[in-house]
Amino acid sequence: GVDGIEISVLPDETAILAAMRTKQIDFALLNDPLVATLVPKEASLQLNRVPVLAYHVLQLNPSRKPMTEL
């Protein structure tokens, strides 16, 4: 089973690519096509392209910990 999932929010896509290169993260969503073109140049990374009309939302409940401690 899975003991847990850690979610990191990295708004800069070049930082996302750097984190992928150093294996700090295992999965990422890239929206910038220029950054995505760099992925195939990395032997340890795999780029999966899918046509999609979507948006990504991370909703946090501000009335629950740890958000109440900010």
Per-region count, the stretch 27-48, residues in contact with a helix residue (DSSP H, G or I) (Cβ under 8 Å, 6 or more places away or on another chain) and assigned to a loop (DSSP other than H, G, I, E, B): 10
Some residue of the stretch 18-26 being in a helix (DSSP H, G or I), out of contact with any Ser or Thr (no Cβ under 8 Å at 6 or more places or on another chain) and touching a residue at least 24 places away in the same chain (Cβ under 8 Å): yes
Identity of the residue in the stretch 14-70, small (Gly, Ala, Ser), more than 12 Å from the chain's Cα centre (by Cα) and at pLDDT 90 or above, that ends up nearest to GLY4 (Cα to Cα): SER63
Verdict on LYS65 being at positive phi and in a loop (DSSP other than H, G, I, E, B): no
Members of the stretch 3-13 that are more than 21 Å from LEU60 (Cβ to Cβ) and either modelled with pLDDT under 90 or touching a His at 6+ places or on another chain (Cβ under 8 Å) (or both): ASP3
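The values are calculated or read from the model by the stated rules, or taken from the named source; none is laboratory data. Because the structure is a prediction, the values reported are computed rather than measured. FYI the Cβ positions are ideal-geometry reconstructions off the backbone, even for glycines, and counts take in every protein chain you see.
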